[in-house]
Amino acid sequence: MTLIVRTTTKLVSPFMVTYAAYLMLYGHLSPGGGFQAGVILAVSVILLITSHGYKRVKRKFRLKEVSLIESASAITVIMLAIAGIIFGSFFYNFLRGGEFGSLISGGIIPIFNIAIGLKVGAGFALLFYILLRWVESD
Amino acid sequence: MISLMVALPLLFAFFLSLISTFKLDKKFAKPLFIAGSLIPWLFLLISLKSSPFYEIVGGWSREGGIEIGLNDYNLYFLLAELIVFSAAALYSLKYFTNNTGKVYALLLLMHAGLIGSFISKDFFNYYIYMEIASVSAFALVGISEEKHAKTAAFKYLIFSLLASYLFIFAIGIIYLKTGYLNAELIKENLIITKEIDIALVIAFISLILKAGIFPLYFWLPDAHAKAPNPISALLSGIVVKSPIYGMLLIHETFSVNANLMMLLRIIAFASVFFGIVLMILQRNVKRLLAYSTVSQMGYILLSLSINSTLGVIYYSFAHSLFKSGLFLSAGALIDSQKSKNLKKLTYRGEPLLMVSILGLSLAIGGISPFVGSYAKNIILKGLTDYWVYLFYIANVGTLTSFIKMNYYLAKPKEVKAKSRSLYKALSFIMMLLTLTFGIYFGAEIKLISDVLSIGIALILFVILKRFNVFEIELKPKFERSMKGIAEEINFYAGMFGIVFLIFLLLSFF
Amino acid sequence: MIDAEITGIILILIGLYGIITKSNLIKQILSLNILSIGVVLFFVGTGYVKGADIPIMPRAKVVDPLPATLMLTTLVVDVAITALALALILRIRGEEK
C-alpha cells in the first residue's frame, strides 16, 4: 500500500493497544470486558498485516510467540477457576472486598478479563496467520 | 466436585496445544492425552456416593447461577459417554501418526464439551457445551484423508449451525415469556401460551436435525462414513445422543402439545423404515453403519413420543455401546485390509473379531439377553394396538440388514495382513460390555420370540437375495465440484424449510 | 421506533433465503452470519425496557443485562465457525485443482 497508509497505521496501532488495555482493566465498572478487548487487540495486528504485508509482520510477531501467549492465558483461566475450589466452590470469587465502584473491587474479575483478552487477541491473530499462509500476496 | 469433570480435560487440552507449538509432540502427547480422557472416571466414582446431587457454579443462588447436577436422568448418558470415549481414545493412540498434538487437543475438547452438555440443567449452558462438542466434531471430520471428506465436513457444519441458531431463537422466546433459563425455575412458574408452543416446535425441529432423524438426515451418511475410524465411532456413538438429552430436558420441563407428539411418532417410524431400506442397498460398510444410526435414532424418538423416558435413557445407552463397538470392529478390518467395500472385506481368519461382530449384530437386533432386548422391551410395553405390529416388522427388518452385513463378511477371501491386537481387544471388550449390562439390568430370556425373529429375518434375506436386490446401485444425485456442493446445500436447505413449515402448520390445527 | 424483535425475525428470514438460493459457497456463509445477527438482535431486544439506563449499579431502572451477556457467547461461536468454514472452503478448492 502507499506510504501514507503505511505511516498512518504505524502511528495508530499503539493507541489501539492502549484502548484494549483500558477495556480489559475497567471491564467491571463500565461497558467492556475481556472479549471486546481481545478483538481490538487482534485488530491492531491485523491492520498492520493489511497495510504492510504478511511477511513483514510475521518477522516481528512470530508465530511461536503468539501461540505461546494463547495457550498460556487459557491455562491461567482454568487454574484460576480451579483455585476457587479451595475457598468454596468452583469459580468462587475469592478476592472480595474493596469499596464499591473502585478499581480493586472486582476480585478475580479483572484478572479473568485480562487473561481472556490476551487469549482472544492471540487467537484471532493466529487465525489470520494461518488463513494467510494459503493466500500469500503482498 | 462434578464441575472438575469438565475442567480437567479442558486443562489437559490446553497443555497439549502448548506442547505442540514447541514441537515436543513425540514424548509428552500420549501420556497427557490418556490422563485427560480417563480422569473423569475418578470424579464419577466419587460423585456416585452422594447422588442425586446438584451444584450451582460459583456458590450463587439458583436464580443467578448456572446449575449442574447428576441424577438418574443423566447418569446413564454420562456413563455411556465415558465408556465410548475411553474406547475411542485407546483406539486413536495407534491410529493417528502425524500432527498428534493438535488432534488429541481437539479430542479432549470434544470430551469436555460432551460431559458438560450431559450434566447441565440449564438450557443455555446445555447449548454452549453442545456447540463446543459440535465444532470439535466438524474439525475432526475434516482432517480425514479420504476423498471428499472436507465437503462432508462443510455440509455438516452448515446444517448443524442452522439448527443451533434456531435452537437459540426458541430459547429466546422461552426467556421472553417466562423470565428464567433454569429448568427447575421454569417448571415452577410455567403458564403455557401460544408463543411457548411455537418455541417448542422450533426447538424440536432443530434437535431432530442435529440427531439425524428421517426428513433431516442428509448430512449424516457422508459425515459419519468419511470421518477417520475412531472419530466415526465417537460421532455415531455419543455426539448424536447429546440432542436426545436436550429433547429429554424439554420433555421433562414443559408439557408438550399432543399433536406434536403424534407427529413425532409418525416421523420416528418413518425414520426406522427408511434407514432399514437404505441399509440393504449399501456396499460400503461404514455407510451401512451410518444409515443404521438413522434407523436406531428413530427408535429413540419413538420412545420419547410415547412418554416413556426410561426407554429413551436405556435405549440411548444400549445404542452407544453397540454402534461404537461396530464402528471400532469395522475400523479394525478396514485398517488392515485397506478397503471399505463389503465384497472385499472378510473376518474369516480372525476369531475374536468374528465373535465381536456377531455378538454386536445380535445385540442390535434385540436378541436377549443382550442389553438391546431390555431396552426394546421397555418401549414395547408402552405401545398400543397396531403400532406393536409395526414395531415387530421393524425388528425383523433390522435383523435382515445385519444378516446381510455378516453374510458378506463371512465369505472367505484372500487376506493380506492381520488386524492390530489393540483394535481386536477393544471391540471384544465392547461386546462383553453389552452382554454384561444386559444381564445386570435383568433382561429376560425369550427364546421362542428370538428364534422366530431370526427365522423370519433369514427367510426375508434369502428372498431378497433371490431377487438380486443387493445388486442395485444408487447413483449420487449431485456432482462433486464446488458448484455442485452449493446446489446440494440449496436443495437440502429448501427441504428443511418445507419440513419446518409443515411441522408448524400441522401442530396447530 | 422500529421494534428490535421484528427486525430480528426479518433478518432470520433473509438469512434463510440466502442459504436456499445462492449458489456460491462464500455467499452461503455470509447468509449464515446474517441469520446469526438476526438471532442476536432478537434476543437483545427482549431485554429492552423503554427509557432505562445501562446496567451498572447503582441506578434505579436498568436494562436487563442477561441477554447481552449470553449473546456475547453466541457471537464468539459465530466467529469461530466462520473461520473454520472459510478454511474448509480453501481446502476444498485446493483439492479440486
Taking the range B:4-18 and keeping only residues that are in contact (Cβ under 8 Å) with a residue 40 or more places away in the chain, among the aromatic types (F, W, Y) and in contact with a Leu (Cβ under 8 Å, 6 or more places away or on another chain), one is left with B:F12
Report whether or not B:E188 is more than 10 Å from every other protein chain (Cβ to nearest Cβ) and among the charged types (D, E, K, R). yes
Might you let me know whether the range C:34-54 holds any residue that is farther than 15 Å from B:I158 by Cα, charged (D, E, K, R) and in a loop (DSSP other than H, G, I, E, B)?
yes
Note on the range A:20-63: residues within 14 Å of another protein chain (Cβ to nearest Cβ), modelled with pLDDT under 90, closer than 19 Å to A:W134 by Cα and part of a helix (DSSP H, G or I) are A:L63
With the first residue restricted to the range B:409-425 and required to be without any contact (Cβ under 8 Å) to a residue 60 or more places away in the chain, and the second required to be hydroxyl-bearing (S, T, Y), Cβ contacts under 9 Å at 6 or more apart or on different chains are B:E414/B:T346
Across (1) modelled with pLDDT of 85 or more; (2) hydroxyl-bearing (S, T, Y); (3) in a loop (DSSP other than H, G, I, E, B), B:T434 clears everything bar (3)
- Message: Looking at the range B:245-264, can you tell me whether even one residue there is touching a residue at least 60 places away in the same chain (Cβ under 8 Å), of a type in the set (A, V, I, L, M, F, W, C), surrounded by 24 or more Cβ atoms within 10 Å (Cβ to Cβ) and more than 16 Å from B:G331 (Cα to Cα)?
- Response: no
Exception for B:A486 within (1) among the aliphatic types (A, V, I, L, M); (2) surrounded by fewer than 17 Cβ atoms within 10 Å (Cβ to Cβ); (3) under 28 Å from the mean Cα position of the chain (by Cα); (4) modelled with pLDDT of 85 or more falls at (2)
Based on what the data block shows, is B:E81 within 14 Å of another protein chain (Cβ to nearest Cβ) and either surrounded by fewer than 23 Cβ atoms within 10 Å (Cβ to Cβ) or at pLDDT 90 or above (or both)? no
Taking the range B:117-136 and keeping residues over 17 Å from C:L70 (Cα atoms) and either more than 11 Å from every other protein chain (Cβ to nearest Cβ) or basic (K, R) (or both) leaves B:F118, B:I119, B:A133
Among B:Y180, B:Y165, B:Y217, B:Y175, the single one that is more than 14 Å from every other protein chain (Cβ to nearest Cβ) and either surrounded by fewer than 22 Cβ atoms within 10 Å (Cβ to Cβ) or closer than 24 Å to B:L504 by Cα (or both) is B:Y217
Filtering the range A:64-87 down to residues that are loosely packed, with under 15 Cβ neighbours inside 10 Å, among the charged types (D, E, K, R) and facing chain B (nearest Cβ under 9 Å) yields A:K64
Of those in the range C:50-97 that are more than 7 Å from chain B (Cβ to nearest Cβ) and among the hydroxyl-bearing types (S, T, Y), the residue surrounded by the fewest Cβ atoms within 10 Å (Cβ to Cβ) is C:T69
When (1) at pLDDT below 85; (2) in contact with a Pro (Cβ under 8 Å, 6 or more places away or on another chain) are applied to C:F43, the one that fails is (1)
Result of the Cβ filter at 6 Å on the range B:29-50, keeping first residues that are over 23 Å from B:F77 (Cβ atoms) and partners that are among the hydroxyl-bearing types (S, T, Y) and modelled with pLDDT under 90, at least 6 apart or interchain, is B:A29/B:T100
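The values are calculated or read from the model by the stated rules, or taken from the named source; none is laboratory data. Remember, predicted model here, so these are calculated numbers, not experimental data. Don't worry about glycine lacking a Cβ; one is built from the backbone with ideal geometry, like all the others, and counts go over all protein chains shown.
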